[in-house]
Each structure stands twice: as C-alpha cells, then as structure tokens.
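First the structure, in the form of structure tokens, and then the observations on it.
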C-alpha cells in the first residue's frame, strides 16, 4: 500500500513532529511512503534522515483573512501548488494521500479530482470562527473521498461545526490523540542534575519552564507578568522560555517578551533559550511546566512533561482537558487570567508533595494513554480500513460496469 504524505510547510512545529513520528513507525512491510513538502526548511532533511523518499514542492502561502488583496495572493498560491501537487500524484499513483493539515487537505482534495484515491486530512489545528471555515466545511463535504483525523475531540467538534454534524456518514471524522516517545521522555535523575549543572543551577533552585513557539496564543507574555508576582514570593526561582518565533508576524511578539521581563525587573530571572534539541532533558530539569495557551488543539508539550514525570500547570482550553485530570495528573486553570496563573504557580511551588503526586500520576497516564505503540496501531488500522474500503468500492464499480 503506497501512501503519499503532503505537508504544506517545511517548518517544524507540532504537526510536523507528529508526521515524523508516523513516518518512523509505519510498518514498511505493509506501507510504501513518499513525502511531498517544501525544500527550503528543515522538514525535508529530517524526513530523508528517516530513509523516506521525498519530492519537493513550493510552500503554500495561505492565511485566514478577509482582505481582498491577500485573498487574491493566497488564491494564486493555492492554484500553483494544486497544479504541482496533481502532477506528483499522477506520477506517484499512491493508494492513499495523507495531507498533514487542513490546508493540506484542501490542496490535495482539489489536486486529486477525478483520480479516485482517498484523501486523509490530518487536522492538527482548531478551525477559527471565521467565514472561510464554513467554506472549508463545504469543501470537505463535497467529496466522499475525504476522511478526517483530528488530534482531539475539541478539534473534531470545531471542524464539524453545525454543517458537518448534519452529514455524519458522508464525512467521517476520527479522533486519534497524539503520542509521545516514552523512551526519550522519562524520569532520569542523572540527566536532570547534568542539565542543571550545565546552566549553573543548583538542585535546590526552582525552575519553571514553558516550551513552544513564541506566539500570542501560547500566552508567554501573560506568563512573564504572572511570574513577576511569583518571583517576589519565591526565592531563587527562574523561568526558562524554550522556543522561537516561527513566522514573521511573531518576531515582534518575541521581542516584546524580552522587553516585558526587563520592564518588570525580572530580566535576570528569565532566560530565553530559543529552539532546543534537548527538550527531553529540559523537561526533566524543570520543577514545573506551565502551558498558558489561549487555544490548544492538543497540547503535545503537556504529554511530554507528563511522560517526564514533571508536574504540569495548564489552561483548561480545547484539547488539554482531554489529557490532564485536574488535581490528579496535572493542574488546570481558566485561561486569560494572569492572577489565577500566579496564584496557581505559587501554590504548586510551595507544595512539593502535590507536585510529586501530579508528576507521578502524569507519568502513569502518559504510559497508559499516549504511547507511540497505541498511536501507530490506530493510524495503521485507519489506513488499512480506508484502503480496503477503496478496493471494495473499485471492485463493485468494475463488476457493475461489466454486468
């Protein structure tokens, strides 16, 4: 069975990490893989390192907007990418196409009109409340070839909206929660101490961290403001901010974070570490991971911290409550309230026994619910089911033709 994977960007964020996990774990006795993605960013090289064949394509330039000038530019990008994608699909003749985003699904559904193969849309993001989202739902509804995978029930509910709930059998939507590599992310005291020493942090020093791209929806600015209140109460506490701005519109936001730390008088207690390759070690080194997102389709860093035995404080938004059991495997607060965030951080930093409980239960939940083995089994079972249904449909069509 041949699967063509399409990723509309070559930058690495949560969706691309999941794609790499799928590619690494697919049973190559069953599945032949080829990846179509842009060549000007890190993804294509990382795919090739897995021994998977790649085909280059231009990146897709498309954002949600109502500005006519931008819509025209984005439409031109869609047309160009659809044309090139169709040429690749015709040449490669895959049995199934896996589009690794909603935008990717739009491209591939259009690029394969008349070709007959099933298209998997892997929805990693929440559809915004925007007029274009309704158009996307109509597009998904237009073909029975489309099959939707969502990373959480929250993403599924938002994708369906009112429209697709009326047609549950025409557009099948399956939720498959993401996974974490339990071998990479796990409790390891030696690793924890080694990383702390590399930063000249003592074991008695308190480390709070957040991991993710620097963008307003991740809430790093509000976290810095809340941390300023915490720093007045907790001696020797430090905040580590891991990640970088991936898109041009977020560069100014990233600069504003440093300015905020400076203006609040805590610049010496906040460290910006940028993009890191040692996130598992960093997770183990933390006393508390904070995820202060305004919106979070799933929350991969939450699961990574849980797998590391690191207690998690997170906003109860979208997919996160599907992961965290409040008060048992993590601590949840309402979003958009930096006072509540500061109070929760103070409470957890002062209660070592509670942090230990949350970390231990979180580790157990990660092993039981978010293993790569579970994820790979569900994904591969879905591929086989789609392929078998397509083969059955083709057989029936052929029989009808010659009847």
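Computed values, structure above
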{"quantity": "Verdict on residue 317 being in the same structural domain as residue 209 (by TED's automatic domain parsing) and in contact with a strand residue (DSSP E or B) (Cβ under 7 Å, 6 or more places away or on another chain)", "calculated": "no"}
{"quantity": "Filter result (touching a residue at least 24 places away in the same chain (Cβ under 8 Å) and more than 28 Å from residue 125 (Cβ to Cβ)) within the range 329-344", "calculated": "339, 342"}
{"quantity": "Segments classed as helices (runs of 4 or more DSSP H), wholly inside the range 279-368, with at least 3 members that are surrounded by fewer than 18 Cβ atoms within 10 Å (Cβ to Cβ)", "calculated": "338-350"}
{"quantity": "Residues that are under 21 Å from residue 344 (Cα atoms), in contact (Cβ under 8 Å) with a residue 40 or more places away in the chain and in a helix (DSSP H, G or I), drawn from the range 231-256", "calculated": "233"}
{"quantity": "The lone exception for residue 174 - which of (1) at pLDDT 90 or above; (2) surrounded by fewer than 18 Cβ atoms within 10 Å (Cβ to Cβ); (3) assigned to a helix (DSSP H, G or I) it fails", "calculated": "(3)"}
{"quantity": "From the options 164, 126, residue that is under 20 Å from residue 321 (Cα atoms), at pLDDT below 95 and in contact with a helix residue (DSSP H, G or I) (Cβ under 7 Å, 6 or more places away or on another chain)", "calculated": "126"}
{"quantity": "Meets criteria (farther than 29 Å from residue 181 by Cβ, touching a helix residue (DSSP H, G or I) at 6+ places or on another chain (Cβ under 7 Å) and buried (at least 21 other Cβ atoms within 10 Å of the Cβ)) for residue 261", "calculated": "yes"}
{"quantity": "Flag for residue 214 being in contact with a strand residue (DSSP E or B) (Cβ under 7 Å, 6 or more places away or on another chain) and in a loop (DSSP other than H, G, I, E, B)", "calculated": "no"}
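The values are calculated or read from the model by the stated rules, or taken from the named source; none is laboratory data. Since this is a predicted model, take the numbers as computed values, not measurements. Virtual Cβ from ideal backbone geometry, glycine too; neighbours counted across all protein chains shown.
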